[in-house]
Ligand code: FAD
């Protein structure tokens, strides 16, 4: 712990925005993972100051949203974790355009769009991520993806400058954008939707929610689909056909309800989850010659 760095950090942030030795299990949907040295929840205005401070004291930093696509190692994260969340969660609507700050939850933005009778975002209403995380991952479900609705995104560059990126510049592909490789921080996104009918939008949202509830093991902590969909296959089907339904390493399990989900069934450590992921990758490759790639991002020290 660098006490001078911490002192400076505390000058920028309020007490409730700044933590040390903060267990990451509280901030990721897998509900496991070790402590971050520094954990901050900044407002938009505070981000450039925090980054400048990290650079000055050579403290590494990472950005997270709602932690719904992350597996954090048991030994935690050295450096600073910046959560883009409740201090950056405004959503505004003008005509067909929804402007959402990066920390707004997809569910909240979709609700707001629905209230304004705007359609096109129903697919995202049940994805438990933030707008920032959804842009980074080009989150998608049930035939929809962020690429279809994002008009432009405002990011902070590593040099601390705000920059607007058009849809083309974002290079959105299957669970991919240019954001991580450029070290950008998503600040807000402008979405373009279409006029719709409230009852129809709500009906679609309910239908998708029911599908999720019936097919996904939402009663257990997880990070959603653990693996990307390999070209020409479904990850869940390959895992099931490899005989791995219910396969367990410690408290980590291949969900019996949906083999594409690795769940934290009972106090799993990150190491157990990682071991299980690796076992699944090996067994599926041995049997079908397909190497599954993780959609979940592994961060920190294991
Ligand atoms: P995090 O998990 O916090 O971060 C993900 C990545 O984005 C990290 O690399 C992080 O560094 C980066 N990041 C986050 N915010 C920012 C920012 N503001 N600026 C720069 N980088 C940032 N995903 C789907 O696509 N479709 C689904 O149907 C789906 N269903 C799910 C169901 C469940 C039950 C769960 C737990 C997860 C599901 N997911 C799904 C995965 C996850 O919700 C998405 O990937 C989501 O977009 C991640 O958003 P997040 O805010 O939680 O990001």
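Computed from the coordinates by the stated procedures, all read-outs in this text should not be read as laboratory data. Source: prediction; values computed, not measured. Glycine gets a Cβ as well: all are built from the backbone with ideal geometry, and neighbour counts include every protein chain shown.
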Exercise for review: Within region 260-302, work out how many residues are assigned to a loop (DSSP other than H, G, I, E, B), within 20 Å of the chain's Cα centre (by Cα) and either over 19 Å from residue 34 (Cα atoms) or free of Cβ contacts under 8 Å to residues at least 60 places away in the same chain (or both).
Suggested key: 4
**Study point:** Whichever residue in region 125-155 is more than 9 Å from the ligand (Cβ to nearest atom) and surrounded by 24 or more Cβ atoms within 10 Å (Cβ to Cβ) and, among such residues, is farthest from residue 106 (Cα to Cα)
**Key:** 153
Review point. Do we have any residue at all in region 137-158 that's assigned to a loop (DSSP other than H, G, I, E, B) and closer than 30 Å to residue 56 by Cα?
Key: yes
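Per-residue answers, yes or no, for (1) within 16 Å of the ligand (Cβ to nearest atom); (2) surrounded by 15 or more Cβ atoms within 10 Å (Cβ to Cβ); (3) assigned to a helix (DSSP H, G or I):
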position: 163; (1), (2), (3): yes, no, no
position: 188; (1), (2), (3): yes, yes, no
position: 191; (1), (2), (3): yes, yes, no
position: 218; (1), (2), (3): yes, yes, no
position: 231; (1), (2), (3): no, no, no
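Each row is one residue, and each column tells you yes or no for (1) free of Cβ contacts under 8 Å to residues at least 12 places away in the same chain; (2) under 30 Å from residue 265 (Cα atoms); (3) more than 14 Å from the ligand (Cβ to nearest atom).
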{"position": "40", "(1), (2), (3)": "no, yes, no"}
{"position": "69", "(1), (2), (3)": "no, yes, no"}
{"position": "76", "(1), (2), (3)": "no, yes, yes"}
{"position": "79", "(1), (2), (3)": "no, yes, no"}
{"position": "109", "(1), (2), (3)": "no, no, no"}
{"position": "119", "(1), (2), (3)": "no, no, yes"}
Study note, to complete from the structure: Here the qualifying pairs (Cβ atoms under 6 Å; residues six or more apart or on different chains; first in region 201-226 and over 24 Å from residue 31 (Cβ atoms); second more than 13 Å from the ligand (Cβ to nearest atom)) come out as 201/114; 201/119
Practice item. Among the residues of region 233-243, write down those that are in a loop (DSSP other than H, G, I, E, B) and surrounded by fewer than 19 Cβ atoms within 10 Å (Cβ to Cβ). Key: 233, 234, 243
Exercise for review: Answer yes or no: is there a residue in region 175-184 that is closer than 16 Å to residue 82 by Cβ, touching a helix residue (DSSP H, G or I) at 6+ places or on another chain (Cβ under 8 Å), near the ligand (Cβ under 9 Å from one of its atoms) and part of a strand (DSSP E or B).
Suggested key: no
Review point. Counting only residues that are surrounded by 14 or more Cβ atoms within 10 Å (Cβ to Cβ) and not in a helix (DSSP H, G or I), which one in region 193-216 is farthest from the ligand (Cβ to nearest atom)?
Key: 196
